[in-house]
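The values are calculated or read from the model by the stated rules, or taken from the named source; none is laboratory data. The structure presented is a predicted model; accordingly, all values stated were derived computationally and were not measured. Here the Cβ positions follow ideal geometry from the backbone for every residue, glycine too, while neighbour counts run over all protein chains shown. The protein model used for the area step is the full one, side chains on, heavy atoms only, and it has no ligands, DNA or RNA in it. Shrake-Rupley method; radii C 1.70, N 1.55, O 1.52, S 1.80 Å.
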Amino acid sequence: MAANNNSDPILDEGGGGGVKHEAAGEAGEGKGGGGGAAAAAATQAPAAMLPRSGSRPQLDLSGAAIHGNLEDRNPTILLPNQSDDISHLALDIGGSLIKLVYFSRHAEHSSEDKRKLSTKRRLGMLNGGRRSYPVLGGRLHFVKFETGKLSECLDFISSKQLHRGGVDSPSWRSGAQPDNIVIKATGGGAFKYADLFKERLGVSLEKEDEMDCLVAGANFLLKSIRHEAFTHMDGQKEYVQIDQNDLFPFLLVNVGSGVSIIKVDGHGKFQRVSGTNVGGGTYWGLGRLMTKCKSFDELLELSQRGDNSTIDMLVGDIYGGLDYSKIGLSASTIASSFGKTISDDKELSDYRPEDISLSLLRMISYNIGQISYLNALRYGLKRIFFGGFFIRGHAYTMDTISFAVNFWSKGEAKAMFLRHEGFLGALGAFMSYEKHGLDDLRIHHLVERFPMGAPYISWMEKFVQKGTQITAPVPVGFPVTTGMGGFERPTAKGDILRSDASAALNVGVLHLVPTLDVFPLLEDPKMYEPNTIDLDLNEYKYWFKVLSDHLSDLVDKAVASEGGTDDAKRRGDAFAHAFSAHLARLMEEPAAYGKFGLANLLELREECLREFQFVDAYVSIKQRENEASLAVLPDLLMELDSMNEEARLLALIEGVLAANIFDWGSRACIDDFDMFKKRMLADKKGQPYKRALLFVDNSGADVVLGMIPLARELLRNGTEVVLVANSLPALNDVTANELPGIVAEAAKHCGILRKAAEAGGLIFDAMAGIQDDLKDEPVSVPLMVVENGCGSPCIDFRQVSSELAAAAKDADLLILEGMGRSLHTNLNARFKCDTLKLAMVKNQRLAEKLFNGNIYDCICKFEPVHLT
Ligand SMILES: CC(C)(COP(=O)(O)O)[C@@H](O)C(=O)NCCC(=O)O
Ligand SMILES: [Mn+2]
């Protein structure tokens, strides 16, 4: 074991073997050992600040100027000399693997039509008359290659022109030659392969210190990604909520080819306190010699069928099958790794490769766990984060390390793992660019997506090549024999190595969306959890079945929405495969993509459709239903107007529920209508709500005959109404783009709606001439439309559009409608203003589970603030 001295051998080449590159979110099998010279001499590096050196590609800030009002929260910054599509690439070239992190710019070029501009102005978002401009918006991609296959990596960079700012950059289009391009790189390979990069790509590698990068990467992940760190004990993965104010100090253990142990005290403040030369490279190297395995993952896979008791000398072997309980050791505890082989009269070939692999894995994992714990003890640290590609998301490895930390610390210290385990160094190198744009990012600006399409080859090529192979394997169970001091066999669930397709899917693409905000009316954003029910394995199984059962119908609709062409059919097929693979992967390991609730699952389906270029699967169905509903709206409005106020309010609420598919025979399982009525009609007569945000759900009857008449009633009472709709299509939900057209049609039959829509800038003709002058008093309170920032049937209030956040500032009533927004999510969410949740329960199981009720029951849940 390496101690904390300067004599650790420097580990470098871990060897290659195995298959091609792997990209986050694409099919591809990761092979090879851990990262570079991380276990190099355990020098007592002084606390260091991460250096920031300038190099290209970077933002060209020359001539930068703020336009508009200097007091704006997000003032427009114009960079006249900056090309639109910038891209950064950073590398961590380790002994076994090359890790790439690259950024692609995807600025939101959303059209700023008259309606949007008018709404933004009314919401106070356009002080100074210019819209705010996202200074940074784009995607962070994570890709890895084997160091032994460096030329594949170079081909990848070259094919995507990552070294020149991406395929979309103007310099690439104009065929300009790169001159003096510098790419940030860390790991030993940054030195070793510098000439090759210059020769093949014409770029210089600017070396960044490996430890600096590891720490910067880990700190970024722990600060910015909600579900990054998790514990793994006895097969159970549990995500840990990191308190930003109580993160430091911690111990960071990076298990690459070798192991670095770093005490982290803050951003840029750390000390490499130890290391060990017994790491991933050791496991892979010894394993390869002893088993003839061709790849790291093959070796790891072998271990899962292994029985180490044929090789390791156990306490029971020494004590005649008994525990040595006086010192807390069970009979199954390993007394001496490989100890049994000394007394056997056997050759290497007499041992099963499976058993050898498991003995090796246990020996090395325990050793890493133990050394880490001793260093934690040395500095009084309770939290140890493990990273590096040795871990490989492998459940048994994590369980073994956790066991060692827990066992030796008697439960005092906690082992935690990072989902982006292998990318710490590359991320840190990325962050060493002078302008990487990540500094100001907050958790709510990042959305992780799990695309199936590869960045390397197009999804179409991939599916043509791989066809139905893109499925996840069926998990296999192992006997559980956990005992005092250890467990004999791999017991962790999900310890099956994922197949080619799914292994790559643990880390998604990080979308950086600076326009997202936390909804300001959330009572306690830190405690907020959007999902109403926790998906345990049974719930997962149930919803997987629901989604699988709906899949072929959805594919039919999606294909029809694109004209039923051959291309659409192929994409439909590919979508079905991809989504099924996601489901299979999650079924195998529900926590694979982070903490994943029903809302995430429903959103994944929509994202997957979008990935396969289905813009709006329900487009024609929505249109048909809108037209049919608009045709009966005048009669409904007439009927409502003939009622007294009290009867009308009841009819309106019932109408919303009915249109959300209401069965008249059903009962209300939560019925706060009287309380709502009291507030609306009796309590504060003459004191109407100032502004109501109505979160609308489905197209057709739901919005036209349900929510719009309810909005009209509020407007009639003098309440400003903001209709909040999806930014992107999801099922048959109405979108913010579609709503103004629907409102304009509805307004043809109703003066209240017309005046309010004019005042809110939804109808322009009648406003011609006075539109741009806000000094003119509108004749009615306004009716506005804002997008919610979502493309899902549910809503996560931690990440909403800045438009919605602005609209919320003056709101004193929220109405959440539909199952997705008020039942699957937000049923238990508390807000800072009165809230009405309206939904029809369209699922028997949920009705029973949540309310002991029945399908088609309704909820009308009113939560006035003064009662909370
Ligand atoms: C499909 C939905 C998520 C759509 O959300 P909604 O429009 O109801 O808000 C929801 O209606 C639902 O979960 N329905 C149950 C589907 C089923 O049990 O088959
Ligand atoms: Mn819906």
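The table for this structure:
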item: Residue match in the stretch 341-349 (condition: under 17 Å from Leu289 (Cα atoms) and under 43 Å from the mean Cα position of the chain (by Cα)); result: no
item: Residue ID - nearest to ligand 2 (Cβ to nearest atom), chosen from residues in the stretch 810-832 that are under 29 Å from the mean Cα position of the chain (by Cα) and among the hydrophobic types (A, V, I, L, M, F, W, C); result: Met819
item: Yes/no for Ala711 being surrounded by 23 or more Cβ atoms within 10 Å (Cβ to Cβ) and more than 16 Å from ligand 1 (Cβ to nearest atom); result: yes
item: All positions within the stretch 834-852 that are among the hydrophobic types (A, V, I, L, M, F, W, C) and either within 16 Å of ligand 2 (Cβ to nearest atom) or open to solvent by 10 Å² or more (accessible area, probe 1.4 Å) (or both); result: Leu838, Ala839, Met840, Val841, Leu846, Leu850, Phe851
item: Flag for Ala558 being surrounded by 19 or more Cβ atoms within 10 Å (Cβ to Cβ), within 15 Å of ligand 1 (Cβ to nearest atom) and touching a residue at least 12 places away in the same chain (Cβ under 8 Å); result: no
item: Any chance Ile384 is out of contact with any Phe, Trp or Tyr (no Cβ under 6 Å at 6 or more places or on another chain) and in a strand (DSSP E or B); result: yes
item: Index of the failed condition, Arg821 passing every other in (1) in contact with a Pro (Cβ under 7 Å, 6 or more places away or on another chain); (2) surrounded by 23 or more Cβ atoms within 10 Å (Cβ to Cβ); (3) of a type in the set (D, E, K, R); result: (1)
item: Subset of the stretch 590-621 [within 12 Å of Phe579 (Cα to Cα) and basic (Lys, Arg)]; result: Arg605, Arg610
item: Filter result (under 19 Å from Gly761 (Cβ atoms), away from ligand 2 (no atom under 15 Å from the Cβ) and either acidic (Asp, Glu) or crowded, with 23+ Cβ neighbours inside 10 Å (or both)) within the stretch 786-804; result: Val786, Glu787, Glu803, Leu804
item: Boolean, Val215 is open to solvent by 20 Å² or more (accessible area, probe 1.4 Å), within 23 Å of the chain's Cα centre (by Cα) and not small (Gly, Ala, Ser); result: no
item: Filter result for Thr291 (in contact with a Pro (Cβ under 6 Å, 6 or more places away or on another chain), open to solvent by less than 40 Å² (accessible area, probe 1.4 Å) and either over 22 Å from Ala185 (Cβ atoms) or of a type in the set (Asp, Glu) (or both)); result: yes
item: Identity of the residue in the stretch 734-756, within 16 Å of ligand 1 (Cβ to nearest atom) and not aliphatic (A, V, I, L, M), that ends up most open to solvent (accessible area, probe 1.4 Å); result: Glu738
item: Strands (runs of 3 or more DSSP E) contained in the stretch 783-868 and holding at least 2 residues away from ligand 1 (no atom under 16 Å from the Cβ); result: 783-787, 834-840, 858-863
item: Any hit, the stretch 583-593, residues being surrounded by 18 or more Cβ atoms within 10 Å (Cβ to Cβ), at pLDDT 90 or above and in a helix (DSSP H, G or I); result: yes
item: The stretch 719-733: number of residues that are more than 11 Å from ligand 1 (Cβ to nearest atom) and among the polar types (S, T, N, Q); result: 2
item: Of the criteria (1) among the aromatic types (Phe, Trp, Tyr); (2) touching a Pro at 6+ places or on another chain (Cβ under 8 Å); (3) open to solvent by less than 10 Å² (accessible area, probe 1.4 Å), which one Phe385 fails; result: (2)
